[in-house]
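Here the structure comes first, spelled out in structure tokens, and everything after it is commentary.
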């Protein structure tokens, strides 16, 4: 929905008067714009109907579009233990399609994800004691909403370091106790994994570490600089509190036995200034996100990565 041309958020009844910084939407202003590209998605899904088989490993080569737009004006947050503050926000809509698989009626490029949300720039506060932080709020139609908070990392020269993203499930609450399953080895035939014909460009190294896709996508580019935003639904300190996920009853389950509880989300977004092979300057958005789905006693990683080009 387009906002009316005269719409502008502001405080009323005791206006909040604050000086406007030179870049009021920083550091989230690096996201503003329309981005398109491709990526890779991995998710361990719960599986029903076969005794002893509680999981299905879905793998997708993806096509993605995301657009970030400014929320005009100031977002007033009233204080009790400290003075009022103004936040700045941008809203976004993200859509992801499978590049190769067909939908149930044979349709090409079936949609596998849609998400609407906001990013917020939160000024420094003294109660709680925290420097400027960022937050992402979002909801998805599976029945999950979340608030993830974090911080900016100072811009660096060159490409970002990509840590290994491990898809191996682990005992809930104990990431050191990982349990490997045969579906994660592409050489093992399995009816409980996406058919290899639907993922022709996916290799074992990508399954072992989806962030390999991001590193491969930078080949052929000269990365001039990288700006980074890190967020999580658990406190990263900063900020020291807040954040979390919420799920509908079907996902949450009862008596500590969830169907697929989205328990924790963490993500890193990198915005890179690059030169292509012909010396043309471009701006890339790369991200790596890990959603932990809890079911049957384990936390099952759901990792999504993408490389998008600013349009």
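Every read-out reported here was derived from the displayed coordinates using simple, explicitly stated rules and does not represent laboratory data. None of the values given here were measured: they were computed from a predicted structure. Glycine also receives a Cβ, built like all others from the backbone with ideal geometry; neighbour counts cover every protein chain displayed.
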- Between residue 246 and residue 176, what is the spin-label point distance in nm, taking each point 7 Å from the Cα along the Cα→C-beta axis? 3.5
- Item | Distance between the range 62-78 and the range 230-289 - C-alpha centres, whole angstrom | 16
- Note on the structure: Note: residue 187 to residue 311 extended length (0.36 nm per residue) minus current alpha-carbon separation gives 40.8 nm
- Task: Measure off 7 Å from each Cα along the Cα-to-Cβ vector at residue 164 and residue 216, then give the distance between these two points in nanometres to one decimal.
- Result: 1.8
- Message: For the range 160-200, take N as its residue count and report Rg(C-alpha) divided by 2.2 N^0.38 Å.
- Response: 1.49
- Extending each Cα 7 Å along its Cβ direction at residue 132 and residue 14, get the distance between those two points in nm, one decimal. 2.6
- Query: Using the C-alpha gyration tensor of the chain, what are the square roots of 5 times its eigenvalues, in whole angstrom, with the largest one first?
  - Reply: 34, 25, 19
- Message: Taking the beta-carbon count within 10 Å as an exposure proxy, list 262, 190, 13, 23 from fewest neighbours to most.
- Response: 13, 23, 190, 262
- Message: Taking the Cα of residue 157, stepping 7 Å toward and past its beta carbon, and measuring to each backbone N in the range 216-240: which are under 18 Å?
- Response: 222-228
- On a C-alpha basis, how far is the centre of the range 173-200 from the centre of the range 108-149 in Å? Whole number, if you could? 29
- Query: When the chain is treated as a GNM, springs tying every alpha-carbon pair under 10 Å, which of 99, 83, 159 comes out with the largest mean-square fluctuation?
  - Reply: 83
- Message: Below 8 Å, C-alpha to C-alpha, sequence gap of six or more: please give me the relative contact order for the chain in percent.
- Response: 19
- Checking rank on 172-180, 143-151, with mean other Cβ inside 10 Å and highest first, the result is 143-151, 172-180
- Note on the structure: Comparing 168, 197, 20 in a Gaussian network model of the chain (Cα, 10 Å), the one with the largest mean-square fluctuation is 20
